[in-house]
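The values are calculated or read from the model by the stated rules, or taken from the named source; none is laboratory data. The structure displayed is predicted, hence computed values, not measured ones. As a convention, Cβ positions derive from the backbone with ideal geometry for all residues, glycine included, and neighbour counts pool all protein chains shown.
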């Protein structure tokens, strides 16, 4: 092979005179002599250094929506090796690298005979190696094969591989391989990993001192590690700066200023933002080397700092989770699974955005919204908050007091339990569970039990992400929003399943926007609800403005109670701060849609003056209530809805009941105060519609029809 042929050639040519400088010097002399000879050309044609390049493993990494690094993972050989493009590296560093390591890089063919001749002369005169004469291409060849080149045969093999590399690759491609594989101390390989570890930033913008240190480190990566050998690192950096002045890369003034900069004293961690989301992304795409998320790295970092600070102030083992999404597109912008992935005392590895816990009172807005949709109540309807037993269930309020007669609006803003349970009984637990499913919420019940009235107070398991999705639907006019964090969503708003009618969703948002703000919170503009699970195990706050939905959980990941925590006192202030970190721009809530009835309690239609719940409903429903004679429940009606101009109205016919009547279509009032038993209604479009009628005594009837 190559070694035998080289040895024979040496004997024939009488190169023993180079032996005093050692075998490597012999190789240098031989190379200068052979320069482009026939033998060397043949070896170059047979060399395959790129076989090693194709197997370079890079750190799998996750990027944010703008291409910024969120998190990286070590390679199988335990290296931090991050790919980087030439255009993403500071040009001054590249200029320094070439000027110091290989000033004729752009013109030679892989080997620089002049540099090798200089190295040979220096070695022969001193009896040892003074300078290696290796080009950047030769260094790349050595790095690819991961073998030492201190012997003659190895050095000549490196020359052959370098010439072969230059035949197969462009100069930029050779330089890119160096930027990927050069060693920078410990398990750091490549300029990007080095810049992140030693300076805490990407290599796109480096100071002269930083660039010089990165040039110096690969020559002796362990002996010059700045965290272990600070003096050696500084001296090597300064030597590079001196050479750069001579080469004209920097001015003497710039070099002097750079020498005054300190060298790093510690090795920083590679970015670890959105740790739980990044882990999920890598598991979801096991073959991908890079995955992009919709998360914004800057916002993610501010929310993680908020969670970490608040958890530290809450309790020794407490944690905080935050999720921020754009409900107009469904994109998750920040996802904080815990107060710190490596915080073992807080069980930071547990992703509390996905953990299933009791949501406390955070499901109440859906109950109220369904009551508005079905004509059971209006925000200004009166409802009683007094000690009550509802089907054997006797709820009490958080503060153990009762408010007496209040409006439905006040009942939701004060999170009163008795009115919520009464409304829950009126709309039915199965209906609530059905709407949760439409919103994409995976609600879980204990064992095989059926949903009951306790659902109103948190008797069901949901996750923080589930709650964010539910409130995104409320913010989106009642239509479900699919939350995504992987890839990019379509630019137009996501339009999903109908969770609540638009008017009902607006009523809920309008009420929640008047919920008292926590102490020291800035002016309003958000609609939000809090919740506290049984035994003070979980504190929740979920809110939205015209663009964003934010969900907050606080507690202990192991479910241990924390005395005194509550949604309002603990989670709501975090929610307020989380919104502030979205920036100064304000996004007003949705405008009032058509069909909204704005009135005070005294001026409401008689059937809506009091919420039709509990004993009031039972007493009024004695006797013959109204009945919808047409259309029948579940009917499929062809009204020609494909062409709105020629579509026919739906005729609703009643029997029995006491006038005046109020007719509702999909939660919106269609007619009020009518004494007629026949109504005409022009639907908005095809699909499922709910028709409800309420008579003078509050008795009602309802049908669902499919319009075509």
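Can you tell me which residue is modelled with the lowest pLDDT among those in the range 92-112 that are surrounded by 18 or more Cβ atoms within 10 Å (Cβ to Cβ) and over 23 Å from residue 236 (Cα atoms)? Within the range 92-112, the match that is modelled with the lowest pLDDT is 112. Taking the listed residues 383, 408, 421, the one that is closer than 23 Å to residue 601 by Cα, touching a residue at least 24 places away in the same chain (Cβ under 8 Å), buried (at least 20 other Cβ atoms within 10 Å of the Cβ) and more than 41 Å from the chain's Cα centre (by Cα) is 383, with no other qualifying.
Being in a strand (DSSP E or B) and in contact with a strand residue (DSSP E or B) (Cβ under 6 Å, 6 or more places away or on another chain) is the filter here; which residues of the range 295-325 pass it? Correct list: 320, 321, 322, 323, 324, 325. Checking the range 143-151 against the condition returns no match, with no residue being over 26 Å from residue 289 (Cα atoms), in contact with a helix residue (DSSP H, G or I) (Cβ under 8 Å, 6 or more places away or on another chain), surrounded by 19 or more Cβ atoms within 10 Å (Cβ to Cβ) and modelled with pLDDT of 95 or more. Looking at (1) in contact (Cβ under 8 Å) with a residue 60 or more places away in the chain; (2) under 25 Å from residue 513 (Cβ atoms); (3) part of a loop (DSSP other than H, G, I, E, B), which is the one condition that is false for residue 426? Of (1) in contact (Cβ under 8 Å) with a residue 60 or more places away in the chain; (2) under 25 Å from residue 513 (Cβ atoms); (3) part of a loop (DSSP other than H, G, I, E, B), only one is false for residue 426: (3).
Apart from one condition, residue 506 fits all of (1) modelled with pLDDT of 95 or more; (2) not in a helix (DSSP H, G or I); the exception is (2). Of the listed requirements (1) assigned to a helix (DSSP H, G or I); (2) touching a strand residue (DSSP E or B) at 6+ places or on another chain (Cβ under 7 Å), residue 270 misses just one: (1). Taken together, the criteria place residue 325 among residues that are in contact (Cβ under 8 Å) with a residue 60 or more places away in the chain and within 13 Å of the chain's Cα centre (by Cα). For the range 514-527, the condition of being at pLDDT 95 or above and closer than 25 Å to residue 333 by Cβ holds for at least one residue. The residues on offer are 278, 257, and the sole one that is outside any loop (DSSP other than H, G, I, E, B) and surrounded by 17 or more Cβ atoms within 10 Å (Cβ to Cβ) is 278.
Would you mind stating whether residue 333 is in a strand (DSSP E or B) and at pLDDT 95 or above? Against the criterion (in a strand (DSSP E or B) and at pLDDT 95 or above), residue 333 qualifies. When restricted to residues that are surrounded by fewer than 20 Cβ atoms within 10 Å (Cβ to Cβ), over 24 Å from residue 496 (Cα atoms) and touching a residue at least 60 places away in the same chain (Cβ under 8 Å), the range 672-708 contains 6.
Checked against the criteria, residue 541 does not count as part of a helix (DSSP H, G or I) and under 26 Å from residue 331 (Cα atoms). Here is the figure for the range 208-237: residues that are crowded, with 18+ Cβ neighbours inside 10 Å and in a helix (DSSP H, G or I) total 15. For the criterion of being in the same structural domain as residue 507 (by TED's automatic domain parsing) and either at pLDDT 80 or above or surrounded by fewer than 18 Cβ atoms within 10 Å (Cβ to Cβ) (or both), residue 662 fails. Taken over the range 439-469, residues that are in a helix (DSSP H, G or I) and modelled with pLDDT of 90 or more amount to 6. Checking each residue of the range 600-607 against the condition of being surrounded by 12 or more Cβ atoms within 10 Å (Cβ to Cβ), modelled with pLDDT of 85 or more, assigned by TED's automatic domain parsing to the domain that holds residue 478 and within 29 Å of residue 367 (Cβ to Cβ) gives at least one match.
Restricting the range 186-197 to residues that are in contact with a helix residue (DSSP H, G or I) (Cβ under 7 Å, 6 or more places away or on another chain) and touching a residue at least 60 places away in the same chain (Cβ under 8 Å), the residue that is nearest to residue 87 (Cα to Cα) is 191. Inspect the range 616-634 for any residue being modelled with pLDDT of 75 or more, farther than 17 Å from residue 665 by Cα and out of contact with any strand residue (DSSP E or B) (no Cβ under 8 Å at 6 or more places or on another chain) and give the result as yes or no. Scanning the range 616-634, I find no residue that is modelled with pLDDT of 75 or more, farther than 17 Å from residue 665 by Cα and out of contact with any strand residue (DSSP E or B) (no Cβ under 8 Å at 6 or more places or on another chain), so the answer is no. Within the range 187-203, restricting attention to residues that are assigned to a helix (DSSP H, G or I) and touching a strand residue (DSSP E or B) at 6+ places or on another chain (Cβ under 9 Å), the residue that is surrounded by the fewest Cβ atoms within 10 Å (Cβ to Cβ) is 197.
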